[in-house]
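Colleague: Got a structure for you, questions after.
The values are calculated or read from the model by the stated rules, or taken from the named source; none is laboratory data. The shown structure was predicted, so the numbers you read here are calculated from the model rather than taken from an experiment. Here the Cβ is made from the backbone with ideal geometry for all residues, glycine too, and neighbour counts use every protein chain on show.
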Amino acid sequence: MELRKEYFADERKDDLKEIGQPRLRSDALGHVTGTTTFFADRNLPGLLHLKMVRSPHHHARIRAIDLSEAGRHPGVVRILTADDVPHNVYTILTLIQVGPEDETVLATDKVRWKGEAIVAILADSERAAHEAAERVKVDYEVLPAVLSIDEALAPGAPIVNEYHGQNYYRYDSGESRKVRFGDVEAGFAGADHILEQTYGSGPIEHAPTETTGCIVVPEGSGRYTCYTNTQAMFFTLDNTSIILQMDGAKLHMVGGTVGGGFGGKVDVIVEPIAILGAKLTGRPVSFIYSREEEMQISSPRAAEKLVIKDGVMRDGRIVARYVKAYIDAGAYSRHSPYGAQKSAAHFPGPYTVPNVWVDSHCVYTNRTPSSAMRGFGVTIGDFALEVQMDKLARLVGMDPLEFRFVNAYRDGDMKAHRQPTEGAALIECMQEAARASNWPVSEKYLQMSSARREG
Amino acid sequence: MGLGLKTFPTLAAAGEALAASATARYLGGGTLVVRSANEGDVRFDTYVTASEQALTDITVADGRATIGAGVTMARIVREPALGFLAPVAKAVGGAAIRNMATVGGNLFAPVPYGDFAVALLALDANLDIDGQPVAASTFLAGRDTTHARALVRSVSFALPVDGTFKFAKASRIRPKGVSVVTIAAVVEERAGTISSARIAYGCMADRPIRAPAVEMALVGKARTAEGIAAALAVATEGTTPPTDAIASAWYRSEVLPVHLKRLLLSA
Amino acid sequence: MAMRQGRGVAAVNYPTGMNLGGDPTQALVHSTPTGNFMVSLSSVDLGQGMKQIMAQICAETIGVPTDRVIVDTADTDTGPHCMGTFASRGTHRAGNAVIAAAREARQVMLEVAAEELEVNASDLDTDGAGNIHVRGAPQRSISIFDTALSAHFKRGRSISGRGMFLIPRSYPDAETGAMKPSTCYAHACTVAEVEVDDETGEVNVLTVKNIFEIGRALNPKMVEQQLVGGSWMGISHALYETTEPYYPSREHGGRDFNEYLMPGPGDLAQTEVIVLERPAADGPYGAKGPGEMCANPQIPAIANAIFDAVGVRIDTLPITPERILRALKANGTENAGLVAH
Amino acid sequence: MKKVPVQFTLNGEDKAEFVESGATLLKALREKIGDTSVKAGCQQGTCGSCAVIVDGELRLSCLTLAERCDGAAIETTGGLAHGEVLHPLQRAFNEGFATQCGFCTPGMIMAAKALLDGNPQPSREDVVEAISGNICRCTGYEPIIQAILAAARANSLSAA
């Protein structure tokens, strides 16, 4: 890695003693000696193993659940159902007033995605839990499923999630988070070229080497210590407190050393049910996702569909940008309404465009609920935007890098969401990229500055 | 109920134990069956294994090689007399898996695994099952039915003439990746033309298969771009490639002739 | 067969912190009797090195070496609230909270030292090596060790501080979308070179040159870790990753690390990382959040490079060999085309 | 559940335990003996986080039955350092910033040790091959490859 100190040198004092120093990581010694304690690195006498029975269907009504055989199976200590969960219908962003509550901790009358949790087996051994899970009998009435954004938004589509009443999240702004800036139709009318393209992506998994999980210990004090690899300690504590209707003072979350997160460990999924198990059995409980659960059950990055329509002038200026973004939330909200909103704020990218229209939709389908991942709300949008930029450059016959210089945002430029640009550095990154890759760029672009416009 | 391990001194005794219990599974290197147990497969409760010496023997004599079913991929890589098979064994898993995965297990490995079995098929290997020779092709055809619970003691094959054995595995990930397509070939040439050819594919059906149309089309031709053209044209004949997480059936069919061409024309 | 080469570029920005703010983090700092400093947090280290960076930030602010700072984090019984580690917020939000707490603790420390040295606290400075001295008169000094002992056992002072950082929540206007999503943005530009096998659609990423502007590299080696790892993940997203290869079909989803594809150690591009620093006005020592942004620009840069190499546009992620081959077989018309009208 | 006695050496120390028949070496090490340097990343044989060295060979403890290790010599990253003196690989991973979350690190170091034990001066290609069964999601592998090469160089210096 190379630090190029000559850029923005006048905005920075480089006289710090600890900051800027390449100190060894204090935690690395534990990592290389295998002594770092991850949540699962503890042995507890009497530990129970929690195994979830999951839906084999994308969408089905549950007619009946028969636990009689599973309950009698040797080694089974308790089976948890929705009836055991005090506040079974929840949503994770309740704490920041994003509703409605739309997801069941354990399914009641319906399952809305293949893999949805129905009952939790607590057993003395993993083997016994697996054996008992095979003996749970669920009677399903399979319902028509909606598996894509287009299917979900088609007229007459089956409703995925009744708590929403329609297959998209309803913002205060309506069916999408909107950004309206300038007059996009006038922009298109005056443009030399118009280019409309559609982009897409499949769901992506965080795939941390350590799977999501927790170990809960009921303490003599009546409290519950939960060793967890959550990315957000109090978020987990507070949501657990709501779901279990348990005073937060009874909960003690211990974590902070996580085997990779990438956004995959911000959903509060394993802790509430494991703590409930510990409460109802009085024994320590371990609920750790198998690798297959991590890959297919834990929330992925959402699949997205983006339609971008741009008006561009012969000289390379983008004069209008219209974006319709669709985030495939799967069956439940989790963090997706937030992600779609973040996506709306991100457009039109790091470029100054006078006329912008954005509609960002959070769409429900009968799929694994998606949620946060590294680059949440932005990664797929950036892919679409930057491929679009390349196409636009070729459309007007410009070099793709020079085309970006023409449109790059600078300090003081008004963004589409009506905040003035501050601290921009896109131009300098591109200047350095041109230098590092021997990409020929006209001198006038190399003289540009993010801090001020020429002339 | 839990799991248990029973170790027997001979394969025959292990076979009796397996025959006596529908919930017993033979344990070779563990890469398939222990994984199943870890993942919650409760259809079996007993591992059965045998410590018979022949399972780990390698004999190379009189132009023939016999490899015990318990021989690991790593042993094959290290065995000087089987140098031509080293690239095949190295194509299986990473370093740790190669120290565990066995020749016998590979014969049972479901698609997209089982690269070594592809080579055995091209080598026209015979399997020792209960002391009876069974052609690899026969075994593979009956792998899910007549031979589903077969215990393989060893595999044996005639050593190919130097330079006639070729192997290629296309995968998405390097150096350790699961197969898109795997091709093994034994191609003999005489006076500039192909005198005999045995071609086997992995991942072009639900188990390793031979490519008889290709073999026929190669005999009598030169091993040149023009010479193999007719064979490439029938490369996918008789194949029913799977679609899985690695590649679609369409993609496998499209790239098979490309990889076959590259393999056949390689030095 | 032909291996065809191409080059592509992409430039991006990325907001630091939770979208629309409203995401507080607190920190507490106190000294031990012998002048070591404890930072209490509930922020989570996912592997990015939060504990080390908070120690360096606290050390810089107090004026001690980093190895005299201990970070105790992610125990809800002892650490004050943090919204969590996500949205590139850890360093920015928790770092600011630690600075605020450390400043308060430093002030008490200087007051105690001032009483011992019989000077005004405002005339004192730290040397970063464990001592406090009168500014301009380094011989008039007291060690932080002695200062802490004095605070504890003689003067009855708690060398401690409380820090809180909150960017007030912004509520988007329903009609216009006027809002304040973030207070600072990191930037990046990536140039990627690829080689495409036009018979199989396979792509080798030959080089990626990444330029990242991240406000301030608080620990350059740790920044490098994040950026190099992120660049790899960007390549992985571009060409390999999905839980559902045939989306929207739910069939054939990967269940393990053999089926869920990511580049292996034999697939690595020659990777260059260059860092620029334009300090953020509200960043801890100017830092912005680099952790997410660093995995984004490679994706479109590679997509653009593939077009440059073989003339097909793949507008759906991941850009698999199959998608490229299908486009090549359709003579480059799949997805493509510049639909000018 | 039937328990069987198992005896082996772990990092040179004698261990004797009763384990459940059919239990994996991973479970025996972590739950019976308390060596939690061995990580359960997948229990499928696809991530390498549980890699240990058994009688000189790298193995996945998640797919190895404990009772088949009777009499074996087992090495784990947990026993690699001598007091405060780190193994050259541990030093190289630490100083080379080759760990981030640290979860893959013990298995990665075992894979590297198995390589260097048999091939003290590996090429980059040898290193890539040796760690190819070990997944790291944080680093992008390059720092790990560099650390292993650095450890090999340090070994050759100390041997000289």
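Colleague: From the residues in the range B:1-50 that are hydroxyl-bearing (Ser, Thr, Tyr) and in a loop (DSSP other than H, G, I, E, B), which one is farthest from the other protein chains (Cβ to nearest Cβ)?
Modeller: Top of the filtered list is B:Thr10.
Colleague: How many residues does the range B:108-145 contain that are outside any helix (DSSP H, G or I) and in contact with a Leu (Cβ under 9 Å, 6 or more places away or on another chain)? Walk me through it before giving the result.
Modeller: Our first condition is that a residue be outside any helix (DSSP H, G or I); within the range B:108-145, this holds for B:109-114, B:123-135, B:142-145.
Narrowing the set further to residues that are in contact with a Leu (Cβ under 9 Å, 6 or more places away or on another chain) leaves B:109-110, B:113-114, B:123, B:127, B:129-130, B:133-135, B:143.
Number satisfying all stated conditions: 12.
Colleague: Considering each of C:Pro290, C:Pro297, C:Pro284 in turn, give the residue that is at pLDDT below 95, buried (at least 24 other Cβ atoms within 10 Å of the Cβ) and under 30 Å from A:Arg12 (Cβ atoms). Don't jump to the end; show me each part of the working.
Modeller: Details: C:Pro297 fails: at pLDDT below 95; C:Pro284 fails: at pLDDT below 95.
Being at pLDDT below 95, buried (at least 24 other Cβ atoms within 10 Å of the Cβ) and under 30 Å from A:Arg12 (Cβ atoms) holds for just one of C:Pro290, C:Pro297, C:Pro284, which is C:Pro290.
Colleague: Can I ask one more? Just one of the numbered conditions (1) at the interface with another protein chain (Cβ under 7 Å from one of its Cβ atoms); (2) surrounded by 19 or more Cβ atoms within 10 Å (Cβ to Cβ) is not true of A:Thr228; which one?
Modeller: Among (1) at the interface with another protein chain (Cβ under 7 Å from one of its Cβ atoms); (2) surrounded by 19 or more Cβ atoms within 10 Å (Cβ to Cβ), A:Thr228 violates only (1).
Colleague: A follow-up question, please. Select the strands (runs of 3 or more DSSP E) contained entirely in the range A:1-120, then report the ones holding at least 3 residues which are surrounded by fewer than 20 Cβ atoms within 10 Å (Cβ to Cβ).
Modeller: A:60-66
Colleague: Do you know which residues across the range A:1-51 are in contact (Cβ under 8 Å) with a residue 12 or more places away in the chain, over 23 Å from D:Cys101 (Cβ atoms) and facing another protein chain (nearest Cβ under 7 Å)?
Modeller: Matches in the range A:1-51: A:Arg4, A:Tyr7, A:Phe8.
Colleague: Quick check: is even one residue across the range A:261-281 free of Cβ contacts under 8 Å to residues at least 24 places away in the same chain and within 13 Å of another protein chain (Cβ to nearest Cβ)? Before you say what the answer is, go through the steps one by one.
Modeller: First, the residues of the range A:261-281 that are free of Cβ contacts under 8 Å to residues at least 24 places away in the same chain: none.
No, the range A:261-281 contains no residue that is free of Cβ contacts under 8 Å to residues at least 24 places away in the same chain and within 13 Å of another protein chain (Cβ to nearest Cβ).
Colleague: Looking only at residues in the range C:233-274 that are more than 7 Å from every other protein chain (Cβ to nearest Cβ) and touching a strand residue (DSSP E or B) at 6+ places or on another chain (Cβ under 6 Å), which one is surrounded by the fewest Cβ atoms within 10 Å (Cβ to Cβ)?
Modeller: So, considering only residues that are more than 7 Å from every other protein chain (Cβ to nearest Cβ) and touching a strand residue (DSSP E or B) at 6+ places or on another chain (Cβ under 6 Å), the one surrounded by the fewest Cβ atoms within 10 Å (Cβ to Cβ) is C:Gln270.
Colleague: Further question: I'm trying to understand the selection: among the residues of the range C:53-72, which are under 21 Å from C:Pro24 (Cα atoms), touching a helix residue (DSSP H, G or I) at 6+ places or on another chain (Cβ under 8 Å) and either surrounded by fewer than 23 Cβ atoms within 10 Å (Cβ to Cβ) or at pLDDT below 95 (or both)?
Modeller: none
Colleague: Pull out all pairs, ordered by first then second residue, where Cβ-Cβ is under 7 Å, the residues are six or more apart or on different chains, the first lies in the range B:98-115 and is over 22 Å from B:Ala245 (Cα atoms), and the second is of a type in the set (Asp, Glu) and modelled with pLDDT of 95 or more.
Modeller: That search, which allows pairs on different chains as well, returns B:Asn99/D:Glu57.
Colleague: Quick one: count up the residues across the range C:282-311 that are within 14 Å of A:Glu422 (Cα to Cα) and either within 7 Å of chain A (Cβ to nearest Cβ) or part of a helix (DSSP H, G or I) (or both).
Modeller: 1
Colleague: Evaluate the range A:268-276: report whether one residue or more is part of a loop (DSSP other than H, G, I, E, B), outside the structural domain of A:Gly339 (by TED's automatic domain parsing), of a type in the set (Val, Ile, Thr) and under 24 Å from A:Phe234 (Cα atoms). Lay out the reasoning, then the answer.
Modeller: Initial filter on the range A:268-276 (part of a loop (DSSP other than H, G, I, E, B)): A:268-269.
After this cut, where a residue has to be outside the structural domain of A:Gly339 (by TED's automatic domain parsing) as well, the list is A:268-269.
Checking which are of a type in the set (Val, Ile, Thr) leaves us with A:268-269.
This time we only want the ones that are under 24 Å from A:Phe234 (Cα atoms), so: A:268-269.
Yes, the range A:268-276 has at least one match.
Colleague: Could you list all residues from the range C:139-158 that are free of Cβ contacts under 8 Å to residues at least 24 places away in the same chain and among the charged types (D, E, K, R)?
Modeller: Of everything in the range C:139-158, those that are free of Cβ contacts under 8 Å to residues at least 24 places away in the same chain and among the charged types (D, E, K, R) turn out to be C:Arg140, C:Lys154.
Colleague: Considering only the range B:63-72, I want to know if a residue exists there that is within 26 Å of B:Pro133 (Cβ to Cβ) and assigned to a helix (DSSP H, G or I).
Modeller: We begin by selecting, within the range B:63-72, every residue within 26 Å of B:Pro133 (Cβ to Cβ); these are B:63-72.
This time we only want the ones that are assigned to a helix (DSSP H, G or I), so: none.
Taking every residue of the range B:63-72 in turn, none turns out to be within 26 Å of B:Pro133 (Cβ to Cβ) and assigned to a helix (DSSP H, G or I).
Colleague: Further question on the same structure: Among the residues of the range A:122-160, write down those that are farther than 23 Å from B:Thr46 by Cα and crowded, with 23+ Cβ neighbours inside 10 Å.
Modeller: Matches in the range A:122-160: A:Leu122, A:Val146, A:Ile149, A:Ala152, A:Val160.
Colleague: Please go through the range D:54-75 and give me each residue that is within 13 Å of chain A (Cβ to nearest Cβ) and over 24 Å from B:Arg78 (Cα atoms), ordered by number.
Modeller: D:Cys62
Colleague: I've got another one for you. Of the residues D:Thr99, D:Thr105, which is in contact with a Pro (Cβ under 9 Å, 6 or more places away or on another chain), assigned by TED's automatic domain parsing to the domain that holds D:Ala150, under 26 Å from C:Arg255 (Cα atoms) and of a type outside the set (Phe, Trp, Tyr)? Let's see the steps before the verdict.
Modeller: On the way: D:Thr105 fails: in contact with a Pro (Cβ under 9 Å, 6 or more places away or on another chain).
The unique qualifying residue is D:Thr99.
Colleague: I'd like to know if the range C:159-177 contains one or more residues that are touching a residue at least 60 places away in the same chain (Cβ under 8 Å), within 14 Å of another protein chain (Cβ to nearest Cβ) and of a type in the set (S, T, N, Q).
Modeller: Checked the range C:159-177: at least one residue is touching a residue at least 60 places away in the same chain (Cβ under 8 Å), within 14 Å of another protein chain (Cβ to nearest Cβ) and of a type in the set (S, T, N, Q).
Colleague: From the set of residues in the range B:192-240 that are touching a residue at least 40 places away in the same chain (Cβ under 8 Å) and more than 18 Å from B:Ala135 (Cβ to Cβ), which is nearest to the chain's Cα centre (by Cα)? Break it down stepwise before answering.
Modeller: Going residue by residue through the range B:192-240, those that are touching a residue at least 40 places away in the same chain (Cβ under 8 Å) are B:198-210, B:214, B:218, B:223-225.
Checking which are more than 18 Å from B:Ala135 (Cβ to Cβ) leaves us with B:203-204, B:206, B:214, B:218, B:223-225.
Working: B:Cys203: 11, B:Met204: 13, B:Asp206: 13, B:Val214: 19, B:Leu218: 23, B:Arg223: 25, B:Thr224: 28, B:Ala225: 28 Å.
The selected residue is B:Cys203.
Colleague: Just to verify a result, which residue in the range A:231-258, among those that are in a loop (DSSP other than H, G, I, E, B) and at the interface with chain C (Cβ under 7 Å from one of its Cβ atoms), is nearest to A:Leu280 (Cα to Cα)?
Modeller: Let us first name the residues in the range A:231-258 that are in a loop (DSSP other than H, G, I, E, B), namely A:231-232, A:245-247, A:255-256, A:258.
In the following step, the residues that additionally are at the interface with chain C (Cβ under 7 Å from one of its Cβ atoms) were identified as A:231-232, A:255-256, A:258.
Details: A:Gln231: 26, A:Ala232: 25, A:Gly255: 23, A:Gly256: 27, A:Val258: 28 Å.
Here the answer is A:Gly255.
Colleague: Among the candidates B:Val181, B:Val214, single out the residue that is out of contact with any Phe, Trp or Tyr (no Cβ under 7 Å at 6 or more places or on another chain) and either within 20 Å of B:Ile97 (Cβ to Cβ) or of a type outside the set (Lys, Arg) (or both).
Modeller: Working: B:Val181 fails: out of contact with any Phe, Trp or Tyr (no Cβ under 7 Å at 6 or more places or on another chain).
Of B:Val181, B:Val214, the one residue that is out of contact with any Phe, Trp or Tyr (no Cβ under 7 Å at 6 or more places or on another chain) and either within 20 Å of B:Ile97 (Cβ to Cβ) or of a type outside the set (Lys, Arg) (or both) is B:Val214.
Colleague: Also: Is it fair to say C:Thr207 is hydroxyl-bearing (Ser, Thr, Tyr), surrounded by fewer than 21 Cβ atoms within 10 Å (Cβ to Cβ) and touching a residue at least 60 places away in the same chain (Cβ under 8 Å)? Lay out the reasoning, then the answer.
Modeller: Details: hydroxyl-bearing (Ser, Thr, Tyr): yes; surrounded by fewer than 21 Cβ atoms within 10 Å (Cβ to Cβ): yes; touching a residue at least 60 places away in the same chain (Cβ under 8 Å): yes.
Taking the combined requirement at face value, the residue satisfies it.
Colleague: Would you check which residues across the range A:158-187 are free of Cβ contacts under 8 Å to residues at least 40 places away in the same chain, assigned to a loop (DSSP other than H, G, I, E, B) and within 14 Å of chain C (Cβ to nearest Cβ) and list them?
Modeller: A:Arg170, A:Asp172, A:Ser173
Colleague: Since B:Ala235 meets every condition but one in (1) surrounded by fewer than 23 Cβ atoms within 10 Å (Cβ to Cβ); (2) within 14 Å of another protein chain (Cβ to nearest Cβ), which condition does it not meet?
Modeller: Among (1) surrounded by fewer than 23 Cβ atoms within 10 Å (Cβ to Cβ); (2) within 14 Å of another protein chain (Cβ to nearest Cβ), B:Ala235 violates only (1).
Colleague: Could you list all residues from the range A:149-161 that are over 22 Å from A:Gly200 (Cβ atoms) and under 22 Å from the mean Cα position of the chain (by Cα)? Don't jump to the end; show me each part of the working.
Modeller: Within the range A:149-161, the subset over 22 Å from A:Gly200 (Cβ atoms) is A:156, A:158-159, A:161.
The one that is over 22 Å from A:Gly200 (Cβ atoms) and under 22 Å from the mean Cα position of the chain (by Cα): A:Asn161.
Colleague: Moving on to the next point. For the range D:63-79, enumerate the residues that are more than 19 Å from B:Lys6 (Cα to Cα) and in contact with a Ser or Thr (Cβ under 7 Å, 6 or more places away or on another chain).
Modeller: Answer for the range D:63-79, where residues must be more than 19 Å from B:Lys6 (Cα to Cα) and in contact with a Ser or Thr (Cβ under 7 Å, 6 or more places away or on another chain): D:Ala73, D:Ile74, D:Thr76, D:Thr77, D:Gly78.
Residue-wise test of (1) outside the structural domain of A:Ala320 (by TED's automatic domain parsing); (2) surrounded by fewer than 24 Cβ atoms within 10 Å (Cβ to Cβ); (3) farther than 25 Å from C:His237 by Cβ; (4) not charged (D, E, K, R).
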| residue | (1), (2), (3), (4) |
| --- | --- |
| A:Ile380 | no, no, no, yes |
| A:Glu386 | no, no, no, no |
| A:Gly423 | yes, no, yes, yes |
| A:Ala433 | yes, no, no, yes |
| A:Ala436 | yes, yes, no, yes |
